[in-house]
Amino acid sequence: MIKLDELIGDLIFVSFSNHERYKDIGIKESTGHFLLKGFDRLGLWLEHPGIVIIHAKDESGTPLPVKKHTRENIDANFVVTWDNVNTIMHYPNREGFDFPSEFKKMKLGFSVDYEKGNSNK
């Protein structure tokens, strides 16, 4: 059995019951692959695949010519409430989808060297 907390930081497939709930944030498909950022009582927290703001006016509000427009990529996460999750699929050991856990890489705690009476990190 796999636990959901073991999937945090991996790409997962999610099927939505009602993808229309996410049209305001640019999610237009009923399924997709998303980076799982976490989960809580509300649902799954997923990394948004990409929000781009196009700046088409200067500071005074005057429209800029198209070649002077600038793009700003925004990092964002969104929640998919539990009632809107049809299914979740994970790909263990698939390159590019199953990433090493940050928690497994970390060495937490300390050990005691009883012969020397020292503690080691």
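The values are calculated or read from the model by the stated rules, or taken from the named source; none is laboratory data. Since we're looking at a predicted model, the values are computed, not measured. For neighbour counting, all protein chains shown are included, and Cβ atoms are generated from backbone atoms with ideal geometry for every residue, glycine included.
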Among residues belonging to region 13-59 that are in contact with a helix residue (DSSP H, G or I) (Cβ under 8 Å, 6 or more places away or on another chain) and of a type in the set (F, W, Y), point out the one that is nearest to P92 (Cα to Cα). F39
Any idea which of (1) surrounded by 10 or more Cβ atoms within 10 Å (Cβ to Cβ); (2) touching a residue at least 40 places away in the same chain (Cβ under 8 Å) is the one I2 doesn't satisfy? (1)
Give the number of residues within region 6-42 that are small (G, A, S), surrounded by 15 or more Cβ atoms within 10 Å (Cβ to Cβ), over 12 Å from the mean Cα position of the chain (by Cα) and modelled with pLDDT under 95. 1
Which of the strands (runs of 3 or more DSSP E) contained wholly in region 43-96 include at least 3 residues that are surrounded by 14 or more Cβ atoms within 10 Å (Cβ to Cβ)? 43-47, 77-81, 85-90
Filtering region 5-26 for residues that are touching a His at 6+ places or on another chain (Cβ under 7 Å) and either free of Cβ contacts under 8 Å to residues at least 40 places away in the same chain or not β-branched (V, I, T) (or both) leaves a count of 4
Pairs please, first residue from region 55-75 and under 22 Å from I25 (Cβ atoms), second anywhere and among the acidic types (D, E) and surrounded by 10 or more Cβ atoms within 10 Å (Cβ to Cβ), Cβ atoms under 8 Å, 6+ apart in sequence or on different chains. D75/E47
Scope region 8-34; condition touching a Phe, Trp or Tyr at 6+ places or on another chain (Cβ under 9 Å) and in a helix (DSSP H, G or I); matching residues: Y22, I25
